[in-house]
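Accompanying notes for the structure given below.
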Amino acid sequence: MRGPRAVFILSDGIRGHANQSRGLGLWLSRLAGSLVHELEIPKLRGMSRFMALKVGGRQLPRGGKDAARLWLERSGGMPLLADVGRLIQEEGLSGRDILCLSTGSAAAPFSLAIARVFGGRSATVMTPSVLGAFPFDFAIIPAHDSAMPAQNIFETLGAPNAIDMDTLAGEAERLLERFPPRSARRWGVLVGGDDANYRISGRWLRRVIGALAEEALSLGTDLYLTTSRRTTPEAENELLRIASEIPAFRMLLLASKDPSNPVPGMLGSCEEIFCTEDSVSMVSEAATAGFMVNLLRVERKAGARLALQKATSWLARSGALPKKYLWGAPRFDAMLEAFKARGLAREAIAREGGAQGKKSAGREGFNEARDAAAWIIDRWEKNEGGSS
């Protein structure tokens, strides 16, 4: 059988990271018949986290099996190693049959170390801040990270995810049972939140989401809106005020108040999806579900950081600086332009009045988790060295 016989997702507990790993696990299961297990890494904080990830983690790429085991001992990872070993034994596998998969910088060294102890293979999604992509057998890296081309790197446009076309109808049915619609027409709105580059203020919400709600009301369209963990309490309170004033909302699900994930149900039940530009994962999920995503541009945080970003962007546009040096918001702008160039997104203000309908893509369309899984399977036999 080609591909890994077992996949161990090592999760840091961050929902967005888990979603990316689960997407790859889903498709490795479908395409290669891999058994998928999800295990959480130890919760490291403060100086212990710094010493394990930032200091000790630097030694992993140059070390072998013994160095990997020592790092796990020092990082609280021995129970995790024991769990992986037990599952390998129960399923009658050898270490070379397994793939350790992680997303993000915190889980990456655990993935690499456990794979090396068992002689298996390791995969990272996104570029780990300390380790980089080089030590891993497979690295699924977004193009906007501008990684150097290498045989172990698979470039994605956005973020792999666990959106599954086969289950969207069922997710939609459950969502509409919980939040019954008034209309046959529904718009979904995915709102992100503040980070180092972007800001979603009450003023912006009143101007943009308020106007969108008024448009939906005038068209007899139901509005289903959810936020992210980055949405500030002030922004959530403004959304509650807007929803109380404009009766277009059939669902306002605040991530801080409800841990459930309504996004698959929204993607299965809405005819249009609007998404704030700050959330790569939300844009990617909507595009995977076959939508032409309506991009909602948000505010940029002012200050020296923004000025430096603009200067770098100007130098890149003028040809004085390679585009790989773009950072911050301009780097994400370039990614969104690539989404638009492929017909996966458009500016919300360019919708030409009213709903344009769902872009027909389906199973054979944009799906980076599926494509990355197929790449891993194709390279599995070619990459026999493993992480040991």
Pairs with Cβ under 6 Å, 6+ apart, first in the stretch 149-165 and under 11 Å from residue 22 (Cα atoms) and touching a residue at least 12 places away in the same chain (Cβ under 8 Å), second open to solvent by less than 20 Å² (accessible area, probe 1.4 Å) and part of a loop (DSSP other than H, G, I, E, B): 163/289
Within the stretch 120-134, considering residues that are modelled with pLDDT of 95 or more and of a type outside the set (Ser, Thr, Tyr), the one farthest from residue 61 (Cα to Cα): 125
Residue check, residue 225 out of contact with any Gly (no Cβ under 6 Å at 6 or more places or on another chain) and either part of a loop (DSSP other than H, G, I, E, B) or surrounded by fewer than 17 Cβ atoms within 10 Å (Cβ to Cβ) (or both): no
Those residues of the stretch 182-203 which are surrounded by fewer than 19 Cβ atoms within 10 Å (Cβ to Cβ), under 17 Å from residue 214 (Cα atoms) and among the charged types (D, E, K, R), in sequence order: 182, 185, 203
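Residue-wise test of (1) open to solvent by 50 Å² or more (accessible area, probe 1.4 Å); (2) out of contact with any Lys or Arg (no Cβ under 9 Å at 6 or more places or on another chain); (3) over 21 Å from residue 12 (Cα atoms); (4) among the acidic types (Asp, Glu).
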| site | (1), (2), (3), (4) |
| --- | --- |
| 120 | no, no, no, no |
| 123 | no, yes, no, no |
| 143 | no, yes, yes, no |
| 164 | no, yes, yes, yes |
| 172 | no, yes, yes, no |
| 180 | yes, no, yes, no |
Top-ranked residue in the stretch 95-108 [being within 19 Å of residue 376 (Cα to Cα) and in contact with a strand residue (DSSP E or B) (Cβ under 7 Å, 6 or more places away or on another chain); ranked as surrounded by the fewest Cβ atoms within 10 Å (Cβ to Cβ)]: 97
All positions within the stretch 64-94 that are surrounded by 14 or more Cβ atoms within 10 Å (Cβ to Cβ), in contact (Cβ under 8 Å) with a residue 40 or more places away in the chain and outside any helix (DSSP H, G or I): 93
When residues of the stretch 228-258 are limited to those that are in contact with a Gly (Cβ under 8 Å, 6 or more places away or on another chain) and part of a loop (DSSP other than H, G, I, E, B), the one most open to solvent (accessible area, probe 1.4 Å): 229
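The values are calculated or read from the model by the stated rules, or taken from the named source; none is laboratory data. This structure is a prediction, so every number in the text was calculated from the model and none was measured. Virtual Cβ from ideal backbone geometry, glycine too; neighbours counted across all protein chains shown. These area figures cover heavy atoms from the full protein model, side chains too; ligands, DNA and RNA do not enter into them. Shrake-Rupley method; radii C 1.70, N 1.55, O 1.52, S 1.80 Å.
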